[in-house]
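Please treat every number below as a calculation from the coordinates, not as lab data. A quick note: this is a predicted structure, and the numbers were derived from the prediction, not measured. Because the Cβ atoms are built from the backbone with ideal geometry, glycine has one as well, and the counts that use them run over all protein chains shown.
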Number of protein chains: 2
Amino acid sequence: MDPIRLLVSLDQNYIPQLEVLLASVYWNNPGDSMEVYLLHSGIPAPALEPVGRLCERMGYSFYPVPVEDALFARAPIMKQYPKEMYYRLLAARLLPPQLDKILYLDPDILVINPLRPLWEMPLEGRLFAAAAHIGRAELAGNVNRLRLGTKAPYYNSGVLLINLEECRNSISEQEIFRYVEEHKKELVLPDQDVLNALYGDRILPLDDAIWNYDARHYKSYHLASSGQHDTKWVIQNTAILHFCGKAKPWKPGYFYRFGALYLHYAHRAGQFFGLKEI
Amino acid sequence: MDPIRLLVSLDQNYIPQLEVLLASVYWNNPGDSMEVYLLHSGIPAPALEPVGRLCERMGYSFYPVPVEDALFARAPIMKQYPKEMYYRLLAARLLPPQLDKILYLDPDILVINPLRPLWEMPLEGRLFAAAAHIGRAELAGNVNRLRLGTKAPYYNSGVLLINLEECRNSISEQEIFRYVEEHKKELVLPDQDVLNALYGDRILPLDDAIWNYDARHYKSYHLASSGQHDTKWVIQNTAILHFCGKAKPWKPGYFYRFGALYLHYAHRAGQFFGLKEI
């Protein structure tokens, strides 16, 4: 079996979350091989060493890929959103040319079941596979479709299976930068808005309950599935639990249902791999 | 290091829960050795085989100890409480005479941190170490002290470090059976009431927040600790998470905080060890 290639992109502050994410991948994908690519802008080598050692202990390959600022010389950068946000959209340009696809994951994610079925999903010429969130986010989805003038669902950019081959032919940073420049006043989540506005009709829709479960919206999933998606269903079926939004399980006072599960992974990752705890 | 000796006592219906308990012990006591004793009344050998295989994969020794009914010929058995309940109190009589101590655990428990510090706690002549529950249970504790005429806290019998050597000298089944016979109309939880009424003054008190955390009472612990015992504290410090009471995390509709954590252990135990899921 080919290794699953994971892509992450983050700044130094999110390294502890990356370690928790990797521990969750490791424990719930036993025997599967992974290559981990990290697109970053100048995280110093000593800060990356623990991640390298962690991957080594897991038997995963680790490829940090520093991205030069020059690429973004003409990119509109907004205060609240760093340039790292563009990296997933430009992965095809930034990663080694021999890679044909990669699975991008946000660092506020816990992987609780095998990723292999997603990895092997045929992309059939689409640029990305992604999930639109249901629940409260669904209403927002309609607003976002109106806002961006798109017809497709409003996809979340936190989990993206990226067809790198196809992206190399279809995506240009000029197009992205131009779009952001022209719409910067309306953009709410620039990378996600760009993904939807420019490429929404070339995205393969994923079931978010399995591949990008919004951990805040247990009640919405439960309701939307007529009670089928209870805690047990999530535990048995959801592979990617995404702790979206401002409330984070590693911050005090988090009260959503899967908070204790996240903290337990953080604790075990800390203990087992000798890491500093979140 | 001497192996930690665990004692469980259950009927066949609780074998899946035992497997989850063992998986949680295994994952959170890495590198530590365990011996598992199971006191039971006639669970057929084929039903015990999966437990034996599970222990073998974990490198744990497994000792099923069938208990003959004859011992309970003169024991008062109440409808809602099976004779298995007496086993933990009579462990010294039922287990091999060379064992000096053992750690009894209810099967509705998840072990989320190392047991070694409890195992090595000096018993200093006491018969048991046990924890009294705080919170709503604390009020009940006062009622129970009145009811049983005891001065010590009302200890929960779900986690017991048992001083087998000392119990061999001090505990007789006649005394226990006589007590139950004389008080059977007042007894609410017979084994726990007997433990408290007869041996309450020879119990070493344990911190329940660490060694017997009542998973229903997050809010009470949080309040009683002036906010110190939040989810993160529990995950980092609590070793024994006890899913007391009628609501159980493996039943539909469980809504307490650590339910998803329990179900995740049940799911992983099922997947990793090829067991039937709860």
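Within a 10 angstrom radius of the beta carbon, how do B:217, B:40 rank from fewest other beta carbons to most?
Values: B:217 23, B:40 20.
By the 10 Å Cβ count, ascending, the order reads B:40, B:217.
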**OP:** Every other copy gets compared here: list the nm distances from the residue A:272 label point (7 Å along Cα to Cβ) to its counterparts, shortest first, one decimal.
**Re:** 0.6
Subject >> Closest approach to the axis - chain B beta-carbon, rotation onto A, Å >> reply: B:261, 3
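Using the 10 angstrom Cβ neighbour count as an exposure proxy, how do A:150, A:231 rank, fewest first? Walk me through the numbers before you get to the answer.
On the way: A:150 18, A:231 22.
Exposure proxy ranking, most exposed first: A:150, A:231.
Among A:151/A:219; A:219/B:248; B:151/B:246; A:83/A:185; B:101/B:246; B:184/B:219, which pairs are too far apart, with a Cα-Cα distance over 23 Å? Provide the component values of the computation, followed by the final result.
On the way: A:151/A:219 27 Å; A:219/B:248 20 Å; B:151/B:246 28 Å; A:83/A:185 17 Å; B:101/B:246 30 Å; B:184/B:219 34 Å.
Flagged as over cut-off: A:151/A:219; B:151/B:246; B:101/B:246; B:184/B:219.
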Subject >> Interatomic Cα distance distribution for the stretch A:138-219, bins of 5 angstrom, percent >> reply: 3, 13, 24, 25, 19, 11, 4, 1, 0
Original post:
For the stretch A:47-86, treating each Cα as an identical point scatterer without solvent, what Debye log10 I(q)/I(0) comes out at q = 0.25, 0.27, 0.32 1/Å?
Top reply: -0.81, -0.87, -1.06
Subject >> Under the Debye formula (equal points on every Cα, no solvent term), log10 I(q)/I(0) of the stretch B:1-159 at q = 0.09, 0.12, 0.14, 0.15 Å⁻¹ >> reply: -0.33, -0.59, -0.81, -0.92
**OP:** Would you kindly work out, in nm and rounded to one decimal, the distances from the label point of residue A:181 to those of the same position in each other copy, ordered shortest first, with label points 7 Å along Cα-to-Cβ?
**Re:** 9.6
**OP:** Please identify the longest segment of chain A free of exposed GluC sites (Glu not before Pro), where exposed means a DSSP state other than H, G, I, E or B and no more than 14 other Cβ atoms within 10 Å.
**Re:** A:187-278
Original post:
Can you give the direction-averaged projected area of the convex hull of the alpha-carbon atoms in chain A, in nm²?
Top reply: 14.4
Original post:
Which order, highest average first, do B:101-109, A:257-265 follow once you tally other Cβ atoms within 10 Å for each residue and take the mean per peptide?
Top reply: A:257-265, B:101-109
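Normalised radius of gyration for the protein assembly as shown, please: alpha carbon Rg relative to 2.2 N^0.38 Å, two decimal places.
Values: Rg = 27.5 Å, N = 556, 2.2 N^0.38 = 24.3 Å.
The value comes to 1.13.
Kirkwood hydrodynamic radius, the stretch A:125-262, all distinct C-alpha pairs: what's the number in Å?
Working: mean 1/r = 0.0620 Å⁻¹.
By the Kirkwood definition, the hydrodynamic radius is 16.1 Å.
Ranked by Cβ crowding within 10 angstrom, fewest neighbours first, how are B:34, B:78 ordered?
Details: B:34 21, B:78 12.
Lowest count first: B:78, B:34.
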Original post:
Nm distances between the label at residue A:82 and the same-position labels in the remaining copies, 7 Å along Cα→Cβ, shortest first?
Top reply: 5.7
**OP:** Give me the net charge of residue A:186's neighbourhood, meaning all other residues with Cβ under 15 Å from the Cβ of residue A:186; Lys, Arg count +1, Asp, Glu -1.
**Re:** +1
